[in-house]
Amino acid sequence: MAVHWRFALGMMLAFASLVRAAEMERPYVFTDEKALVRVGESTGEIGYSIRVIRQAGWGAVSEGRAVIKEGKVDIPALEEGLHLVTLQLPGGAEEARFLAMNPPAAADRDRAAKRLPRSAQKLFDRQPFTFLAMGDSVTHTGDYETLLKMMLERSTGNANVRFVSRAYPGRSVDATIRNFQSDALDRKPDLGLVMYGLNDQGGGVSLESYLEQYQWIAERLAAECGAEAVFLSPTPDASTGKDFAQYDAFLFRTIGYAASLRALADRIGVPHADTFHAIWGKGASTLDASGRAMWPLFPTAHNRPFTSLIETDGKGDGIHPSALGHLLIARAAYDAIMGVPAPPRPLSVRASAEWGDAGLVAQVVVRNESAERRAGRLELHPVAHDEIASTAPDQYTLEPGAELSFNVAWPRVRKPEDLLQYPANAYAARGNAMFVVIDYQGDASEVYAVPAPSHAQPHFVRERLVAEGKEATIRLRDGEKIESVVVPIAKDGEQVGRVPLVRAVGQNGGLPKWATAEVVYVQYALAIDGDVTIDGKLDEWASAKWVPVGGPSQARWYPGVVDHRASVEECYLEWAFRKSDAGVHLAARATGQFAQDAFVLFFDPRSPELLGTPGRYYWANGAMKPDGQVELKPGETSPGKVKMRGAWQATPTGSTLELFIPYELMEAAAWPASGDLGCSIWWRHKGADDKTTNLFWSEDGHPWNPRWYGVVRLDDGRTAPFMVRVK
């Protein structure tokens, strides 16, 4: 019998609609709910199968049949975890994935109000409530905000919860400060969730600066938004593949920041979500197995959050947690908001470091805080690419309340001068010596980041000051006593330099106590008045005052001096400044050729007392073009269409450069009224071997650290002072 063409066409369209790829209507559900999958507009019945990936690995498996209603099917949640659903559609098997989570614990208003009184009132009174998630690519590529919103709505009955995400790949906490007006103030949040550290640590941003910026955000949220804050720790880096025992530094590279952040949160009264340990979980019986145990929490790629590394035997993205990992982040944040106390840890580990015959040595005490006898294995690891040596026992047995003691030493820190070298200068030099203790119990492990402060040690006060002459007066603190110490600087007319300080101050147990620091100085640049023609020539700069960029101590990265130049003359620059009514003119003269080089100019137009503190700053990126022009682009905090100009040329002895930067770049109309303009120059020189040498005027290794700015002062005929930093 013949089939009418209209009927046949209708059947084909219906079939095409039915076999369309399955799509989740809701990617997140609670375990007492069902997930909805869109499969087309037809009706009927299909078979399905489910596999679950839990935090602990592969979980429940199930099969069933579902009735299509209005093009959708209900799929039950089996348990908490990622659900991999295979649908047997007429056109073939299709897969859909969703995350199921256990409903949150019952909310206790009184307990929440003790930690976050304003947030608790709005949440439990069911008022409109907005939380702001600020972070780096971990936040950007995941969705813990949606999961947290669902938890808050479920536990408080408040249907007026919303969130705003301001997270960007590659971001440091410094970037949130730069963009605080648009990211936070303009959003008027009730609560700010702050989660940074992976990029800060990777870029060598100082721990001091990292903590200072976190505190700045909490204070500004309170003062300018009336909002409260929650600090979230950076998560572990599980990106080393299959051999975690060999690459322990990756797993623990953020743990020093995480532990220090928790201490800061406790000190200033901000709730802290321990997201590092939330991702670490129960661990395993070895370091390598503990790294592998985190595979379920990381995806095969950052844009595939509903996948897991256990599907690919560890191949994929071990930095940005998956949807399942973000569930653990959300739960840690929820507990912090609701004032849920962290479960007690079975051991306490405390340490104190002092100088001994073998150098810096920490006395460590481990105490069994549980009510049960514990027998386990201890394993110690360094942080920040350091080395440690320990007398800790491999196996231990402790009754409740019992203690064991051992020592930890740093082989690279045998004498006080060693504290001025990387990596000791990142932690131990500031009294923040730290190491990691892993307590293995059967197939589980607990990780402890252990600070070893030097309480009895004297120290030079870390500060920023201005020296008018060739001496800097700094402070030495020994207990309650403060002594002034005069340090000679700028010998032989140097404009930039570093002075190591190592001083024995009294004794402790018959051994000297040592105070160490590094005094870093940069003379102010002086700007003269007048416009110039931007042509790359320096005819109009005869009376300029020049500052060096490229001396041996200025070729730096965060480990210290990193210089790939064959000699200083390969690329040595001097810079000068002029002030005009419209903006800042800059000139550079250099030995060597810089046709392949690039640079960044940073500006801080705030008042002098704020220079070197967290705040908004501005920059211009520059690169040389073959035609003698300079490509200039404004940084993210500046207007997008700033009219900058630049030109350069090669000369018989090197290269010359001229630039014009309008005040508009720094959202200003004129030179600062104080006469002082914060400025930093970062020159990136590419050598013949394609290795890049970073040359800084005033920075100290990484530009995400505005405390290191130099100063350009209007020339008033007086000798330029020095900006001095005690590190």
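The values are calculated or read from the model by the stated rules, or taken from the named source; none is laboratory data. Since the structure is predicted, the reported quantities are computational estimates derived from the model, not experimental observations. Note: ideal-geometry Cβ built from the backbone for every residue, glycine included; neighbour counts use all protein chains shown. Heavy atoms of the whole protein, side chains included, go into the accessibility calculation; ligands, DNA and RNA do not. Shrake-Rupley method; radii C 1.70, N 1.55, O 1.52, S 1.80 Å.
Collect the residues in segment 526-562 that are out of contact with any helix residue (DSSP H, G or I) (no Cβ under 6 Å at 6 or more places or on another chain), aliphatic (A, V, I, L, M) and open to solvent by less than 60 Å² (accessible area, probe 1.4 Å), keeping them in residue-number order.
Correct list: 526, 527, 528, 534, 538, 544, 547, 549, 555, 562.
Are any of the residues in segment 516-523 in contact with a helix residue (DSSP H, G or I) (Cβ under 6 Å, 6 or more places away or on another chain), within 28 Å of residue 426 (Cα to Cα), open to solvent by less than 60 Å² (accessible area, probe 1.4 Å) and touching a residue at least 12 places away in the same chain (Cβ under 8 Å)?
Yes, that holds for at least one residue.
Scanning segment 563-576 for residues that are in a helix (DSSP H, G or I) and open to solvent by less than 60 Å² (accessible area, probe 1.4 Å), which turns out farthest from residue 524 (Cα to Cα)?
For segment 563-576, the residue satisfying everything is 570.
Among (1) open to solvent by 10 Å² or more (accessible area, probe 1.4 Å); (2) within 20 Å of residue 116 (Cβ to Cβ); (3) within 11 Å of the chain's Cα centre (by Cα), which single condition is residue 201 missing?
Here residue 201 clears every test but (2).
Conditions tested, residue by residue: (1) within 27 Å of residue 727 (Cβ to Cβ); (2) touching an Asp or Glu at 6+ places or on another chain (Cβ under 7 Å); (3) surrounded by 15 or more Cβ atoms within 10 Å (Cβ to Cβ).
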site: 616; (1), (2), (3): yes, no, yes
site: 641; (1), (2), (3): no, no, no
site: 656; (1), (2), (3): no, no, yes
site: 660; (1), (2), (3): no, no, yes
site: 671; (1), (2), (3): no, no, yes
site: 679; (1), (2), (3): yes, no, yes
site: 683; (1), (2), (3): yes, yes, yes
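Being under 24 Å from residue 196 (Cβ atoms) and of a type outside the set (A, V, I, L, M, F, W, C) is the filter here, so list the residues in segment 305-332 that pass it.
305, 316, 317, 318, 320, 321, 322, 325, 326, 331 - these are the residues of segment 305-332 that are under 24 Å from residue 196 (Cβ atoms) and of a type outside the set (A, V, I, L, M, F, W, C).
Applying the selection to segment 346-379, what residues are part of a strand (DSSP E or B) and either free of Cβ contacts under 8 Å to residues at least 12 places away in the same chain or of a type in the set (Gly, Ala, Ser) (or both)?
If the condition is that a residue be part of a strand (DSSP E or B) and either free of Cβ contacts under 8 Å to residues at least 12 places away in the same chain or of a type in the set (Gly, Ala, Ser) (or both), then 348, 351, 352, 353, 356, 359, 362, 375, 376 are the ones that fit.
Would you check which residues across segment 685-698 are open to solvent by 30 Å² or more (accessible area, probe 1.4 Å) and either in contact with a strand residue (DSSP E or B) (Cβ under 9 Å, 6 or more places away or on another chain) or more than 19 Å from residue 622 (Cα to Cα) (or both) and list them?
Listed by number, the residues that qualify are 686, 688, 689, 692.
For residue 622, only one of the following conditions fails: (1) modelled with pLDDT of 95 or more; (2) over 25 Å from residue 557 (Cα atoms). What is its number?
(2)
For a quick check of your reading of the model, give me the residue pairs whose first member lies in segment 263-280 and is part of a loop (DSSP other than H, G, I, E, B), whose second is β-branched (Val, Ile, Thr), with beta-carbon atoms closer than 8 Å and at least 6 apart or on different chains.
Pairs found: 270/230; 271/230; 271/337.
Given (1) at pLDDT 90 or above; (2) open to solvent by 10 Å² or more (accessible area, probe 1.4 Å); (3) under 30 Å from residue 109 (Cβ atoms), where does residue 185 come up short, assuming only one miss?
With (1) at pLDDT 90 or above; (2) open to solvent by 10 Å² or more (accessible area, probe 1.4 Å); (3) under 30 Å from residue 109 (Cβ atoms) applied to residue 185, the lone miss is (1).
Any residue that is out of contact with any strand residue (DSSP E or B) (no Cβ under 6 Å at 6 or more places or on another chain) and within 25 Å of residue 197 (Cα to Cα) - is there at least one of those in segment 387-404?
The answer is yes; a qualifying residue exists.
Among the residues of segment 577-607, write down those that are outside any loop (DSSP other than H, G, I, E, B), surrounded by 22 or more Cβ atoms within 10 Å (Cβ to Cβ) and in contact with a Lys or Arg (Cβ under 7 Å, 6 or more places away or on another chain).
If the condition is that a residue be outside any loop (DSSP other than H, G, I, E, B), surrounded by 22 or more Cβ atoms within 10 Å (Cβ to Cβ) and in contact with a Lys or Arg (Cβ under 7 Å, 6 or more places away or on another chain), then 585, 599 are the ones that fit.
In segment 390-414, what count of residues is obtained for those that are of a type outside the set (D, E, K, R) and open to solvent by 50 Å² or more (accessible area, probe 1.4 Å)?
Number of matching residues: 8.
Condition (residue is open to solvent by less than 10 Å² (accessible area, probe 1.4 Å), charged (D, E, K, R), in contact (Cβ under 8 Å) with a residue 40 or more places away in the chain and within 26 Å of residue 326 (Cα to Cα)) applied to segment 117-136: is it met by at least one residue?
Yes.
Residues to consider are 325, 291; find the one that is out of contact with any strand residue (DSSP E or B) (no Cβ under 6 Å at 6 or more places or on another chain), at pLDDT 95 or above, open to solvent by less than 30 Å² (accessible area, probe 1.4 Å) and not in a loop (DSSP other than H, G, I, E, B).
325
Sort out which residues of segment 412-421 are outside any helix (DSSP H, G or I) and either touching a Lys or Arg at 6+ places or on another chain (Cβ under 7 Å) or within 13 Å of residue 385 (Cβ to Cβ) (or both), and write them in order of number.
412, 421 - these are the residues of segment 412-421 that are outside any helix (DSSP H, G or I) and either touching a Lys or Arg at 6+ places or on another chain (Cβ under 7 Å) or within 13 Å of residue 385 (Cβ to Cβ) (or both).
Consider residue 417 carefully, then state whether it is in contact (Cβ under 8 Å) with a residue 60 or more places away in the chain, open to solvent by 50 Å² or more (accessible area, probe 1.4 Å) and of a type outside the set (Phe, Trp, Tyr).
yes
Looking at the structure I just gave you, is residue 97 assigned to a helix (DSSP H, G or I) and touching a residue at least 60 places away in the same chain (Cβ under 8 Å)?
Against the criterion (assigned to a helix (DSSP H, G or I) and touching a residue at least 60 places away in the same chain (Cβ under 8 Å)), residue 97 does not qualify.
Which residues, counting only those in segment 590-619, are under 19 Å from residue 687 (Cβ atoms) and within 22 Å of the chain's Cα centre (by Cα)?
Matches in segment 590-619: 600 only.
Among the residues of segment 188-240 satisfying the criterion of being among the charged types (D, E, K, R) and in a helix (DSSP H, G or I), which is modelled with the lowest pLDDT?
Ranking the qualifying residues of segment 188-240, first place goes to 208.
Go through segment 422-461 and count every residue that is out of contact with any His (no Cβ under 9 Å at 6 or more places or on another chain), among the hydroxyl-bearing types (Ser, Thr, Tyr) and part of a loop (DSSP other than H, G, I, E, B).
Summing the residues that are out of contact with any His (no Cβ under 9 Å at 6 or more places or on another chain), among the hydroxyl-bearing types (Ser, Thr, Tyr) and part of a loop (DSSP other than H, G, I, E, B) in segment 422-461 gives 2.
Scanning for something open to solvent by 70 Å² or more (accessible area, probe 1.4 Å) and either over 30 Å from residue 291 (Cα atoms) or more than 22 Å from the chain's Cα centre (by Cα) (or both), does segment 444-463 turn up at least one residue?
Yes, there is a match, as at least one residue in segment 444-463 is open to solvent by 70 Å² or more (accessible area, probe 1.4 Å) and either over 30 Å from residue 291 (Cα atoms) or more than 22 Å from the chain's Cα centre (by Cα) (or both).
Within segment 399-411, how many residues are hydrophobic (A, V, I, L, M, F, W, C), over 17 Å from residue 354 (Cβ atoms) and outside any loop (DSSP other than H, G, I, E, B)?
Qualifying residue count, segment 399-411: 1.
Just to be sure before I move on: is residue 573 within 34 Å of the chain's Cα centre (by Cα) and over 30 Å from residue 421 (Cβ atoms) in the structure I sent?
Here the answer is no, as residue 573 does not meet what is asked.
Working only within segment 294-314, note down all residues that are in contact with a Ser or Thr (Cβ under 9 Å, 6 or more places away or on another chain), in a loop (DSSP other than H, G, I, E, B) and surrounded by fewer than 23 Cβ atoms within 10 Å (Cβ to Cβ).
If the condition is that a residue be in contact with a Ser or Thr (Cβ under 9 Å, 6 or more places away or on another chain), in a loop (DSSP other than H, G, I, E, B) and surrounded by fewer than 23 Cβ atoms within 10 Å (Cβ to Cβ), then 300, 301, 302, 303, 304, 306, 307, 312 are the ones that fit.
State which residue pairs qualify: first residue at positive phi and inside segment 597-625, second residue buried (at least 22 other Cβ atoms within 10 Å of the Cβ) and hydroxyl-bearing (Ser, Thr, Tyr) in any location, beta carbons under 8 Å apart, and separation of 6 or more residues or different chains.
Pairs that qualify, where the first residue is at positive phi and the partner is buried (at least 22 other Cβ atoms within 10 Å of the Cβ) and hydroxyl-bearing (Ser, Thr, Tyr), are 612/709.
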